[in-house]
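Structure, as structure tokens:
The values are calculated or read from the model by the stated rules, or taken from the named source; none is laboratory data. All figures in this text were calculated on a predicted structure; none of them were measured in a lab. Here the Cβ is made from the backbone with ideal geometry for all residues, glycine too, and neighbour counts use every protein chain on show. With ligands, DNA and RNA removed, areas are computed over all heavy atoms of the protein, side chains included. Shrake-Rupley method; radii C 1.70, N 1.55, O 1.52, S 1.80 Å.
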Amino acid sequence: MAQSFQIKGKLGRLQAPAKVYIGYTYDGKSVYDSADVDNGNFSFDKPVDYPTNILLTVSRDGEPQTFFNAKDIAHLYVEPGSIVWLTSDESISNFDSNGSASQDDYKTYQKFMADAEEKLTLLTTESSNTLQNDVSEKALAAKSTYMEHFRAAMDFRKQKMKEFIQQHPEMYISLDILEEYAGAFIDYRDVEPLFKSLADHTKSSAKGKAYLKKIEVAKQTAVGAPAPDFSHKDPNGNRVTLSSFKGKVVLLNFWASWSAASRLENQQLKQILKAYTAKDVIVINVALEERKEPWIQAMNEDRMPGYNVSDLKFLRNEVAELYNVTAVPQNVLIDGAGNIIARNLKGSQLSEKLAGIVGK
């Protein structure tokens, strides 16, 4: 049963027309609302089912704010029945709070993750020098080095997240951390034991039950499972059918013209695949597109080897749904017997795996 939480806030001496905007998900729907600021004071009274991470941001002129481009953001955990007192200067990101046990847990988590987050912050400087559209050998080498550094920093961060969950299974926030840790594709062999270790009240919450369902779905297209067959059209309307490549190693590359990360991934994949002919590895590039024109343009720019297919259904792409892909870039490696042998191998990991199978 939902109970409301209350926030009673004080932001220095901030005056109208300033407003504070709130955003979070409740009962599967997005909540977006605002509160007037009067001499720094504002308040919210809203429903939640379980401890929830909400976003708050300040609009000095009162105009609606989106959380994507707002610079002044606060992440705050609230709980059913909690009264949270929040104080800050006129920048809400500098806030202190009390009244929410989950927020206290979240502060513990932030301290635990500080060194991992610092590594990623340092990499943003490096990224600005490597992410331009320069495709010279030197630039590609720099991009490749950056991606390896970035992956190493992300792997370190993931390892820290896993350690936190293992050390704090009683904290409700560990479910949210697990969801982020698992990412867009759940490796159930890794994630299921972590989920089972969580407190019973967390697992039996509405969010806990929903996440368990996701774990069960992930099992159907995990490593070791038979690769679901599909038939998809290329830009000329010709059908490309997975089962027609039985006996061959197949790499499914899920990407999109609108995703900067997958465009960068395409460049690195292309470098890795240079060592192989179409006889060694069949590449099927599955594009999650809405319109044909940007897809064709990106395809021509990236010049990926292999077959290019899309049903122009965007994130509801049928092959993506078959393989439980909800974000790009992702990849799936299928052996000659038609079984999934790896998911989401990147960079040197993918090179080593392909060399082991194809023998190059």
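Structural remarks
- Against the conditions (1) farther than 27 Å from Ser205 by Cβ; (2) surrounded by 14 or more Cβ atoms within 10 Å (Cβ to Cβ); (3) free of Cβ contacts under 8 Å to residues at least 24 places away in the same chain, Thr66 satisfies every one except (2).
- Helices (runs of 4 or more DSSP H) lying entirely in region 137-230 (those with 3 or more residues that are open to solvent by 50 Å² or more (accessible area, probe 1.4 Å)): 137-167, 188-197, 200-203, 206-219
- Here Thr277 meets the list (1) at pLDDT below 95; (2) crowded, with 19+ Cβ neighbours inside 10 Å; (3) of a type in the set (Val, Ile, Thr) almost entirely, failing just condition (2).
- Tyr32 aromatic (Phe, Trp, Tyr), without any contact (Cβ under 8 Å) to a residue 60 or more places away in the chain, in contact with a strand residue (DSSP E or B) (Cβ under 9 Å, 6 or more places away or on another chain) and surrounded by fewer than 20 Cβ atoms within 10 Å (Cβ to Cβ): yes
- Residue match in region 325-338 (condition: assigned to a loop (DSSP other than H, G, I, E, B), touching a strand residue (DSSP E or B) at 6+ places or on another chain (Cβ under 7 Å) and farther than 26 Å from Arg189 by Cα): no
- Gly347 falls short on exactly one of the conditions (1) of a type in the set (Gly, Ala, Ser); (2) open to solvent by 10 Å² or more (accessible area, probe 1.4 Å); (3) touching a residue at least 24 places away in the same chain (Cβ under 8 Å), and that condition is (2).
- Against the numbered list (1) surrounded by 13 or more Cβ atoms within 10 Å (Cβ to Cβ); (2) on the phi > 0 side of the Ramachandran plot, Ser259 comes up short only at (2).
- Criterion: touching a residue at least 40 places away in the same chain (Cβ under 8 Å), in contact with a His (Cβ under 7 Å, 6 or more places away or on another chain) and either of a type in the set (A, V, I, L, M, F, W, C) or closer than 19 Å to Ala355 by Cβ (or both) - qualifying residue of Val250, Val240, Val281: Val240
- Among the residues of region 171-185, those identified as touching a helix residue (DSSP H, G or I) at 6+ places or on another chain (Cβ under 6 Å) and in contact (Cβ under 8 Å) with a residue 40 or more places away in the chain are Met171, Tyr172, Ile173, Ile177.
- Region 350-360, residues that are part of a loop (DSSP other than H, G, I, E, B) and without any contact (Cβ under 8 Å) to a residue 60 or more places away in the chain: Gly359
- Positions within region 83-108 being open to solvent by less than 50 Å² (accessible area, probe 1.4 Å) and not in a strand (DSSP E or B), in sequence order: Ser91, Ile92, Phe95, Gly99, Ser100, Ser102, Gln103, Asp105, Tyr106
- Top-ranked residue of region 280-299 - restricted to ones that are of a type in the set (D, E, K, R), under 23 Å from Thr326 (Cα atoms) and touching a helix residue (DSSP H, G or I) at 6+ places or on another chain (Cβ under 8 Å), ranked as most open to solvent (accessible area, probe 1.4 Å): Glu290
- Ser244 vs. criteria hydroxyl-bearing (Ser, Thr, Tyr) and either under 15 Å from Met304 (Cα atoms) or open to solvent by less than 50 Å² (accessible area, probe 1.4 Å) (or both): no
- Of the residues making up region 26-60, those that are charged (D, E, K, R), more than 18 Å from Asp89 (Cα to Cα) and part of a strand (DSSP E or B) number 4.
Per-residue answers, yes or no, for (1) over 20 Å from the mean Cα position of the chain (by Cα); (2) over 30 Å from Asp49 (Cα atoms); (3) of a type in the set (Lys, Arg):
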position	(1), (2), (3)
Lys203	yes, no, yes
Ala210	no, no, no
Leu252	no, yes, no
Lys270	yes, yes, yes
Tyr276	yes, yes, no
Val286	no, yes, no
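- When region 231-273 is filtered for residues that are part of a strand (DSSP E or B) and either modelled with pLDDT under 95 or not hydroxyl-bearing (Ser, Thr, Tyr) (or both), the ones remaining, listed by number, are His232, Lys233, Arg239, Val240, Val249, Val250, Leu251, Leu252, Asn253, Phe254, Trp255.
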